[in-house]
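As structure tokens, the structure follows; a few thoughts come after it.
The values are calculated or read from the model by the stated rules, or taken from the named source; none is laboratory data. As the structure is a computational prediction, the values presented were derived from the model and not from experiment. Reconstructed Cβ throughout: ideal geometry from the backbone, glycine too, with neighbour counts over all protein chains shown. Protein only, heavy atoms only, side chains kept; ligands, DNA and RNA dropped before computing areas. Shrake-Rupley method; radii C 1.70, N 1.55, O 1.52, S 1.80 Å.
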Amino acid sequence: MKKPLIGLTLDYEIGKSYSNYPWYAIRENYFFAIEKAGGVGIALPHNLSETTTFTNNLDGLLITGGNFDINPGVYGDSYTHKTISTKKNRTNFELKLGREMLDSDKPVFGICGGEQLINVIYKGSLIQHIPAEVTDALEHEQTNPKNEPGHEVTIIKDSFLYAIISKHKILVNSAHHQAVKNPGKGLKINAKSSDGVIEGIEDPLKNFCIGVQWHPEYLPQHARQRRLFAQLCQAAAL
């Protein structure tokens, strides 16, 4: 049986720690999670003119997280919080490719900022800075290592995510200062933390379109987290 080809979006860096010239970056554990789930991961450069080529050849897409934010103007906000840091080319690429993959009903999985990107594709909005907008917010940027849990989330029982995870409450890691504010049209909330922050979204009409705010690729020791990647690869193999 042919292994599904899963595209992984890259981060873009200009810091000189690796090269004097701009460079792409991605953590190995994203690829490891896909490989353990039976897929083959392939890195995608931010080439706007080749998104259709990528869509035609990929079986699925994983939109990765990153230490940056989507420009608030993209989702209609007229102000920008002082903490916002953007990467225009990466965002434009992920928006275009994500839309094309979804239009083709190919599986799309968004992790952390990838979940937020999916929500923006669906015309939803974002909380620009959780401490400034959420009363009595949990610590969503945990200080302990990311391969350890940070807080608990509740999985909505009537959701595709619950069908995958098969548990109402799970412990997750947390490394974000933004979150989904208003889900986009057609999206369903599938997970929340105790402070009310949305931790997951999905499109129930798609073959596979799920976003989670945590980083399951850091938690390969948790079988329920591995199921997310397994379901992505299974959907991509159809």
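As a rough guide to protection, the peptides 22-31, 205-214 ranked by mean Cβ packing within 10 Å, highest first, stand as 205-214, 22-31. Students often get this wrong, so check it: of Lys123/Lys188; Lys167/Lys206; Lys2/Lys96; Lys36/Lys206; Lys169/Lys192, which have C-alpha atoms separated by over 19 Å? Among Lys123/Lys188; Lys167/Lys206; Lys2/Lys96; Lys36/Lys206; Lys169/Lys192, the Cα-Cα distance tops 19 Å for Lys167/Lys206; Lys2/Lys96; Lys36/Lys206.
Per-residue ellipticity at 222 nm computed for the chain from its helices equals -8000 deg cm²/dmol, with DSSP H segments shorter than 4 residues left out and the rest contributing -39,500 (n - 2.57). Per residue, the chain exposes an accessible area of 47 Å² to a 1.4 Å probe, with every protein chain left in place.
If you take every residue apart from Ile155 with its C-beta less than 13 Å away from the C-beta of Ile155, what net charge results, scoring Lys and Arg +1 and Asp and Glu -1? Surrounding charge for Ile155 is +3. Relative contact order, whole percent, for the chain stands at 21, derived from Cα pairs under 8 Å and 6 or more residues apart. Heavy-atom surface analysis with a 1.4 Å probe gives the chain a carbon and sulfur content of 51 percent of its accessible area. Under the criterion of Cα pairs below 8 Å and six or more residues apart, the relative contact order for the stretch 109-238 equals 30 percent.
Peptide packing: for 163-169, 9-15, the average count of neighbouring Cβ atoms within 10 Å per residue gives the ranking 9-15, 163-169, highest mean first. The local environment of Leu126, defined by Cβ-Cβ distances under 13 Å, has a net charge of -2 under the rule Lys, Arg +1 and Asp, Glu -1.
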